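Encoded as structure tokens, the structure appears first; notes follow it.
Just so you know, all these numbers are worked out from the coordinates, no wet-lab data involved. No experiment lies behind these values; they were computed from the predicted model shown. Positions of Cβ are generated from backbone atoms using ideal geometry, with glycine treated the same way; all protein chains shown enter the neighbour counts.
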Amino acid sequence: MNYFNQLSLKNKIFISCLGIILLVSFFIALFTRSLLITGLTGELKKRGIGIAQGVADSARVYMLTKNRAELTAIAYDAKLGNRKDIIKYLMISDNRGNILAHTFTTGFPPNIETLVKNQNIETANITGAEVNGHLFFHVVVPVKEGIYTIGSVQAGLNKRHIERLISDLRLLFLSFLSMVSIIFFFLSHRLALHITKPISSLIRYTDQITRGNFNIFFEDNRIKTHWKPGARNDEITKLTNSFIKMTSRLKVSTNRLKESQKKYHALFRSGPNPIFVVKEKTFDILDANPNAMEMLGYERRELLRMNLFSIGNLNEIDFIHKYPDHDTMVISSKVKFFKKNGEFIFVNIHANPSEYRNKKVLIVAATDITELVEKDSQLIQASKMTNLEKMSAGIAHEINQPLNAIKMGSEYLCMMKEKKQTVKDDDLDMVLSQISSQVTRAAEIVGRLKTFSRKANFSREVIQINNCVRAVNKIIGRQITLQNIDLVMDLTPLLPTVLAHNNRMEQVIFNLVTNAKDAINERIEDRNDIEKGIITITTFFDDDIVGISIADNGTGIDPGQVDLIFDSFYTTKEMGEGMGLGLSIIQGIIKDYNGTICVGSTPGHGAIFKITFPAHVQKTGEMKAKRNI
């Protein structure tokens, strides 16, 4: 079986067809031989009974007269001629089994008399018998006279006659089978060649295709002439046509893939932005384009030994949970990437899953936004200064109060000195204590203003929103109160922390409170339908969400303006009173920290801004910060 499995398809078909033909021929020979033997034997028996019956009819008269000479003559006449090959012996006996005539020339065989006497002479029958070591068909035919049986004719039919006939026929049949086998040998060979030749060609072409030669079907003229449309319509042709179509499509796909790879390499090498190929899950850098090396100052071999998190201040746990499964998406915005010389740049990171050298990878593209971040920072700073300018009068008034107290204390001491009067110890302690406390108060006001006006960076830190609300209240709370507006703070205790920046979050709250104040003052000036303005700051949390809402009872926002208020340079204030950047800046800051902002309003009765952030939950085993910012 192993040898057969190692044969080619042509030889398998050839050997299988030839084997089946020989096997069928063998069974046909056996069946034919059986039919011949059966037919010849039956014919021999019929002929033997016919000869014996003819002898019986001729010998009837002579048996009645016991004329042995005539009976012997009749017996020899029956055996002579063309019957001598069939009749081996012939005997005529009476009804008692006594042999009256026979054809034995050398005397009776030893068992012949017993054989004759043991036969049933009432009916014609044939039995097998052995005489002198040879097998015969022993034929018995009764001799009748009326209704009486007066004797029998018994003859031995020679079996060798049948064997000679079968032998002669066997030679003829074997010659016929040989001719048939030879014919089928060549037919099987041609059939196998006819079937396997196109398959062999397909195998040859397949080998060429596996070597990348997809033009083999279009370069080989033999296949064009062999498979002309309509020349053949069998399964092999259909298979070949399907294979040709598949190869043609594969060629087109391969060419497109090559073109795509060329474009990919061209884009990867000459792309304006840094591109990194990082291994999925581990985020090891597998490749980087020249622009990445130029921007960061690393050699390629140095980058290939690094991890994505070693060149940027990405949070590994958040990044792993956010990286895309299917589509390109922005993973992080305003991320710091550190150069080899210690400098840093701000980038937006896009990631897309792909395969690289049979590995699942992420194609990470970094867009340099350092200049944009700097301009954004300047814009935010300008917005702060604009707000402080608006509050300058109130701030000056707030600073004047401790200064006036200090001035009054110092003038009192100077007056007592001019009058050369002694200041009591208790009065002196009280004056000095007041001067000290007012100096401290003035320093706190100036310190809060310096902190608020400081230029903020874009780092993330764990902050408490309640503390930001309290800091803003210290800056403008008194001024708002002086404008007949109540600032109500409903701060939830044990509020979860968030990842943001104190200075920028104070800027958001400060801007929204300032806008609420302006809306209330506008309502009072235009309609004067409320006695006092109310600004309510509420903090809350729900599962993994932390939020803050700022509500007022000012003029509210028209429904047609709600969708526009976050657009840059859009303002509802009069010309010269606003640039329309405040809410746009607020929205940008909130998005930087993965937050959301929404607004609800009842025109003429107030508005509410609701801001939410993901809660920051300390995780066991959380990574330490790669760098302190």
Going by Cα centres, region 135-193 and region 43-58 are how many Å apart? 19 Å
Classify region 131-195: rounded, prolate or oblate, from the alpha-carbon gyration tensor (a ≥ b ≥ c, eigenvalue square roots; a/c under 1.5 rounded; otherwise prolate if a/b is larger than b/c)? prolate
Packing-based ranking, highest mean first, of 126-137, 415-426, 463-474 given that Cβ atoms within 10 Å are counted: 463-474, 126-137, 415-426
How big is the charge dipole of region 527-570 about its Cα centre, in debye rounded to the nearest 20, if each Lys and Arg gets +1 on its Cβ and each Asp and Glu gets -1 on its Cβ? 280 debye
How much length is gained on full extension from His134 to Ile20, taking 0.36 nm per residue of separation minus their Cα-Cα distance? 37.0 nm
Backbone HN-Hα couplings from phi across region 339-347 [Karplus 6.51/-1.76/1.60, Hz, Gly and Pro as x]: 7, 5, 7, x, 6, 9, 10, 9, 9
My understanding is that a pair violates if its Cα-Cα distance is over 30 Å; which of Lys517/Lys591; Lys336/Lys360; Lys45/Lys117; Lys281/Lys336; Lys12/Lys251 do that in this structure? Lys12/Lys251
Per-residue counts of other Cβ atoms within 10 Å, averaged by peptide: what ranking do you get for 605-611, 481-487, highest first? 605-611, 481-487
What does the highest-first list of 183-189, 55-61, 163-169 look like by mean Cβ count within 10 Å? 55-61, 183-189, 163-169
Determine the gain in length on full extension of the stretch Ile244-Ile199; use 0.36 nm per residue of separation and subtract their C-alpha separation, reporting nm with one decimal. 14.9 nm
At 0.36 nm per residue, minus the direct Cα-Cα distance, what do Lys339 and Val180 gain on full extension? Give it in nm, one decimal, please. 48.3 nm
Would you mind giving the average projected area, over all directions, of the Cα convex hull of region 1-143 in nm² with one decimal? 13.1 nm²
